[in-house]
Amino acid sequence: MKKIRIVSCGAGNRAYGQILMLARMEEYDLVAVCDLYKDKAETIVNKVTELYGQKPLIYTDYIKSFCQP
């Protein structure tokens, strides 16, 4: 089955739980987290990496996050 690729635009409190939920589901591939505040995105990416072994990319510009291959 082909996975659905996800880019999270926003890494605030609400997004934190949603991103962790999506990262553990086999149907989805969390490819990037984007937030104006890089430290918020880094916090979530570090947690996803720790729990699930995935290493999503980090962006502060949502347009660039959607232009990745």
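The values are calculated or read from the model by the stated rules, or taken from the named source; none is laboratory data. All values derive from a computational prediction rather than experimental measurement. Neighbour counts run over all protein chains shown; Cβ positions are idealised from the backbone, glycine included. Keep in mind that these areas ignore ligands, DNA and RNA; they rest on the heavy atoms of the full protein, side chains included. Shrake-Rupley method; radii C 1.70, N 1.55, O 1.52, S 1.80 Å.
Residue pairs whose Cβ atoms lie under 8 Å apart, sitting 6 or more positions apart in sequence or on different chains, and linking a residue in the stretch 1-29 that is touching a residue at least 24 places away in the same chain (Cβ under 8 Å) and at positive phi to a partner that is open to solvent by less than 30 Å² (accessible area, probe 1.4 Å) and outside any strand (DSSP E or B), are 10/35. Scanning the stretch 5-53 for residues that are part of a loop (DSSP other than H, G, I, E, B) and either farther than 24 Å from residue 63 by Cβ or under 11 Å from the mean Cα position of the chain (by Cα) (or both) gives 10, 11, 25, 26, 27, 35, 53. For residue 2, are the conditions met, namely being open to solvent by 60 Å² or more (accessible area, probe 1.4 Å) and in a loop (DSSP other than H, G, I, E, B)? Judged against the criteria, residue 2 is a match. Of note, residue 29 does not satisfy the criterion of being within 19 Å of residue 13 (Cα to Cα) and surrounded by 11 or more Cβ atoms within 10 Å (Cβ to Cβ). Candidates in the stretch 32-55 are the residues that are among the acidic types (Asp, Glu) and open to solvent by 60 Å² or more (accessible area, probe 1.4 Å); of these, the one that is farthest from residue 66 (Cα to Cα) is 50.
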